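Structure, as structure tokens:
The values are calculated or read from the model by the stated rules, or taken from the named source; none is laboratory data. Small disclaimer: the values here were computed from a predicted structure and weren't measured. Reconstructed Cβ throughout: ideal geometry from the backbone, glycine too, with neighbour counts over all protein chains shown. Heads up: the accessible areas ignore ligands, DNA and RNA and are worked out on the full protein's heavy atoms, side chains in. Shrake-Rupley method; radii C 1.70, N 1.55, O 1.52, S 1.80 Å.
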Amino acid sequence: MTAISATNAGQGSPDTRPRDVSAANAALSIAGVSHAYGARRALIDVSFAVAPASFTALLGLNGAGKTTLFALITRLFGIQAGHIGIFGNDVGRAPGEALRLLGVVFQSRTLDLDLSVTQNLLYHAALHGIARREARLRSDDVLTRIGLADRAGSKVRDLSGGQMRRLEIARALLHRPRLLLLDEATVGLDVKARADILHHVRQLVSEQGIGVLWATHLFDEIAPGDDLVVLHQGRVLGYGPAQNIIAEAGARDINSAFMRLTGAAVEPGGPVP
Ligand code: ATP
């Protein structure tokens, strides 16, 4: 059984403690994953794990490789090197069971604006083969969980950007996944909508026991107790609890820790790509 340890992190990782997340019991395990688009290397020997019922932030600038990693986890691309497991199911060898346990919110929006909130959910449930009656029950349940129950009958076109994002999260929960991936879920939203979404996603972790991988380039979305993966130009430069990464970099906060690890210029709120 492979244990994903911080020593697997890319060159220059300041975190050398072994972590107690084996590939078999991790919600998500990424082990030695590399990916290239022709000659361009997008991911280089990336390893980390997301524990069940935990929130892991994947922090990186535009072009760090976050979306490529999501495409590999969701099997949009074939795995060129390394292994990806979801609750011990190898994504390459047992994709059916692995993907059944996975919910995804992609960077770009994919809602039907002319359908109602519930209609969007029922349509998606049908694609998953969920019977109509059960789909209605689940729709009501996920809308309540994400704080959208009062908008069930609204046309999606009439929702705010933040509400649309929450609907996408609700939709990703319909088939009851145990691992949720979110790729820059708060992009383009105002401060309040961002905070609302983060609050709801953190609640899914603490109350529903869902493991979350949260890709972002915004420092203020990361809490000191979160697990953090710093991805830069395709390599993992830091991996571990955020507060440890800050301490080990000799920094006072995430902003300066990120700058020390990557050498990137940083502005308040987020790195400059
Ligand atoms: P962003 O938030 O801007 O999408 P990211 O961290 O998700 O950034 P990726 O989109 O995974 O990063 O990109 C990683 C690297 O791979 C970049 O150098 C990018 O230019 C390159 N890349 C991504 N997709 C392709 C593709 N289809 N063909 C060639 N190169 C690509």
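Only Lys, Arg, Asp and Glu count, each charged at its Cβ (+1, +1, -1, -1), so figure out the dipole size of the chain about its Cα centre, rounded to 20 debye.
My answer is approximately 560 debye.
Which percent of the accessible heavy-atom area of region 116-273 goes to carbon and sulfur, probe 1.4 angstrom?
That share works out to 50 percent.
Compute the relative contact order of the chain as a whole-number percentage, counting only Cα pairs closer than 8 Å that sit 6 or more residues apart in sequence.
Relative contact order, the chain: 24 percent.
Using a Gaussian network model on the chain with a 10 Å cutoff between Cα atoms, which of Lys155, Lys66, Lys192 fluctuates the most?
Lys192
Taking the Cα centre of region 174-225 as the origin, how large is its charge dipole in debye, to the nearest 20, when only Lys and Arg (+1) and Asp and Glu (-1) carry charge on their Cβ atoms?
Using Cβ point charges on Lys, Arg, Asp and Glu, region 174-225 gives about 240 debye.
Tell me whether the chain comes out rounded, prolate or oblate; compute the Cα gyration tensor, take square roots of the eigenvalues as a ≥ b ≥ c, and use a/c under 1.5 as the rounded threshold.
Prolate.
Which residue, Ile254, Gln233, Ala152, has the largest displacement toward the positive end of the dipole of region 123-273 when charges sit on each Cβ (Lys, Arg +1; Asp, Glu -1)?
In region 123-273, that residue is Ala152.
Computed over the Cα atoms, what is the radius of gyration of region 166-257 divided by 2.2 N^0.38 Å, N being its residue count?
For region 166-257, the normalised Cα radius of gyration comes out at 1.15.
Could you work out the helix-only [θ] at 222 nm for the chain, with each DSSP H run of four or more residues adding -39,500 (n - 2.57) and the total divided by the number of residues, to the nearest 500 deg cm²/dmol?
Taking each H run of at least 4 residues, the total per residue is -9500 deg cm²/dmol.
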